[in-house]
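In what follows, a single structure is set out as structure tokens and then discussed.
The values are calculated or read from the model by the stated rules, or taken from the named source; none is laboratory data. These numbers were taken from a predicted model, which means no experiment stands behind them. Methodologically, a virtual Cβ is constructed for each residue, glycine included, from the backbone with ideal geometry; neighbour enumeration extends over all protein chains shown.
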């Protein structure tokens with residue numbers, strides 16, 4: 001064969017292969033999904049395999065994104081949106097809804113949901129919480145957690161104390177547990193500190209309403225929280241920068257007697273401490289009110305997705321009975337479907353009960369464009385300054401007030 | 001000159017530009033365009049989640065930065081950060097290079113080992129040193145407790161008084177091999193005759209170092225210092241991993257502050273103005289260096 005003939009044939013073959021490719025690709029729609037799990041070793045591979053077996057025309061490209069206290073995850077989503085390289089869908093939280101709304105980044109799900117048979121397996125309350133202020137439904141509920149109080153029941157028993165129900169009980173217990181290199185409470189002042197600060201400051205009377213951070217009651221509650229470190233010294237000196245990993249590790253190692261987190265870390269702490277650890281709702285404020293963080297997690301379809309039907313099939317699959325239970329096992333959180341939540345035995349009963357008992361005071365962070373900035377920068381920076389004595393605690397509250405209300 | 005000769009001369013003269021053109025285009029695309037875009041953003045109130053409402057504000061972002069308390073804290077921290085790290089890296093790198101330039105039987109292995117910190121990714125360095133300094137489980141506290149230097153663990157990264165110094169130490173450890181390798185290369189170019197002559201003249205080892213070694217490697221050291229100043233001034237990954245800029249603003253440097261305002265606050269306009277101010281400072285340092293080098297060449 002002449003060299004020229006060979007080149008012609010090779011070129012024709014390459015072109016025909018290229019021409020054939022779209023035809024092959026057309027048969028399968030790829031759905032890109034961004035997710036995160038507290039335990040990065042967990043993978044949704046079995047759920048993906050099950051879905052793909054049921055939907056042979058769809059391929060799921062599940063991409064784990066580092067959580068980084070929430071900041072890394074959300075930064076990547078917004079950056080991807082601006083760059084136009086966003087996935088088809090992603091796990092999202094209510095506190096991001098305003099920013100997504102401002103960018104017109106989400107696809108309303110109402111049309112899809114009208115024909116979705118499993119809709120009634122998620123309670124009306126959850127649908128209501130997840131609804132956008134414009135009346136549309138952009139979020140497909142996935143799972144939830146509520147923040148509660150882990151405590152060392154053996155140490156409290158030795159001290160002759162009951163699990164704390166009020167702020168005063170909490171301080172008494174924290175003081176009693178602080179001795180011999182052990183600290184009463186593993187405070188989280190680093191990334192994600194809002195879920196430790198909120199129960200005491202919002203539960204003590206502060207609110208995200210205009211002026212709600214600078215009332216006498218709010219300022220007093222914040223001073224009380226900061227004093228746990230500065231005055232009473234019932235938290236480890238590393239508290240100002242301690243984040244999820246540090247507080248959980250210190251609690252597991254027996255260096256702290258109480259810690260505030262959710263059921264996602266139950267398996268880990270039980271693995272280290274067994275029956276010595278239990279949980280109760282976070283303490284109530286002086287007037288009996290309380291606040292704990294409702295850690296919602298939903299899936300949303302981005303408006304830029306070219307595969308919305310296939311994407312809805314995937315996110316509705318994850319929020320359907322049995323699949324949702326599998327998904328909750330991977331995330332370490334609680335299933336959103338009524339049928340899966342019934343007789344849930346994946347977590348020890350005492351932690352499920354503590355989660356359920358926390359629901360009456362559980363609230364998400366406000367749906368405001370500034371909420372991610374509050375979580376990622378404003379609160380950690382100012383709280384750390386207050387906890388290290390570099391700032392008057394009242395100025396911290398003024399900074400939070402200014403963030404939301406100028 | 002006939003027509004053919006003239007056109008071939010033109011072709012010959014333009015050939016270098018033709019070869020340079022692709023590189024210039026790529027440079028313009030990956031360097032010039034982002035720089036111009038950053039400059040454009042810095043003149044706007046550009047919020048990433050609200051790009052449609054971006055508006056021109058002139059130099060307001062720069063004025064706001066100059067009256068921003070955190071900008072000045074970050075600038076001071078940056079000055080401490082760059083000066084401390086580069087000078088310690090240079091000192092440690094020089095000592096290591098002098099040692100590795102000696103003759104000993106495991107010199108090859110030692111030269112390979114010294115590279116390890118430099119070869120590790122910054123995120124790994126950050127995580128590793130975070131655990132070294134950990135209040136509860138860290139080996140640093142453990143060693144100090146065992147040798148009796150402290151009586152109780154210290155929260156190294158959680159105290160404003162120690163956090164910046166601790167991160168600087170981690171970066172000094174990571175970066176000194178750069179100086180070691182560069183200076184070692186320079187040392188190997190010093191003619192042995194100079195040392196022989198100095199020895200004949202009765203110069204001590206110290207005087208040989210001052211009058212032969214240092215002048216011979218001065219050019220290399222100056223270039224290495226300039227490069228490190230630029231890299232260290234721009235580095236934020238280790239800080240981000242170890243403290244995220246905390247506690248409070250204790251470990252905020254200028255690039256980190258710009259990063260946080262850009263990616264947490266999504267205030268790209270303001271962050272761009274902070275970045276440009278850092279760029280201007282670094283350009284000043286480069287200008288000083290270029291002026292010095294030009295002077296050296298003219299001597």
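Structure summary
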| quantity | calculated |
| --- | --- |
| Wholly within region B:9-114, helices (runs of 4 or more DSSP H) carrying at least 1 residues that are farther than 30 Å from residue B:265 by Cβ and either touching a residue at least 12 places away in the same chain (Cβ under 8 Å) or not assigned by TED's automatic domain parsing to the domain that holds residue B:169 (or both) | B:69-100, B:107-113 |
| Entirely in region A:91-169, the helices (runs of 4 or more DSSP H) that have 3 or more residues that are at pLDDT 90 or above | A:110-114, A:153-158 |
| Criterion: within 10 Å of another protein chain (Cβ to nearest Cβ) and surrounded by fewer than 22 Cβ atoms within 10 Å (Cβ to Cβ) - qualifying residue of B:248, B:265 | B:265 |
| Residue check, residue B:171 in contact (Cβ under 8 Å) with a residue 24 or more places away in the chain, away from every other protein chain (no Cβ under 14 Å) and crowded, with 19+ Cβ neighbours inside 10 Å | yes |
| Identity of the residue in region B:16-50, within 14 Å of chain A (Cβ to nearest Cβ) and exposed (fewer than 14 other Cβ atoms within 10 Å of the Cβ), that ends up farthest from the chain's Cα centre (by Cα) | B:37 |
| Candidate set from region A:27-68 (those that are over 17 Å from the mean Cα position of the chain (by Cα) and part of a loop (DSSP other than H, G, I, E, B)); member that is farthest from residue A:308 (Cα to Cα) | A:41 |
| Conditions (1) closer than 30 Å to residue A:102 by Cα; (2) at pLDDT 90 or above; number of the one not met by residue B:86 | (1) |
| Test: residue in region A:357-371 that is modelled with pLDDT of 90 or more and either touching a helix residue (DSSP H, G or I) at 6+ places or on another chain (Cβ under 6 Å) or within 14 Å of chain B (Cβ to nearest Cβ) (or both) | no |
| Residues located in region A:62-80, provided they are within 13 Å of another protein chain (Cβ to nearest Cβ) and either under 24 Å from residue A:293 (Cα atoms) or surrounded by 22 or more Cβ atoms within 10 Å (Cβ to Cβ) (or both) | A:66, A:68, A:69, A:70, A:71, A:72, A:73, A:74, A:75, A:76, A:77, A:78 |
| Counted residues, region A:230-246 - those being more than 12 Å from chain B (Cβ to nearest Cβ), assigned to a loop (DSSP other than H, G, I, E, B) and under 18 Å from residue B:245 (Cα atoms) | 0 |
| Search result, residues across region B:143-160 that are more than 26 Å from the chain's Cα centre (by Cα) and either modelled with pLDDT under 90 or within 13 Å of another protein chain (Cβ to nearest Cβ) (or both) | B:145, B:150, B:151, B:152, B:153, B:154, B:155 |
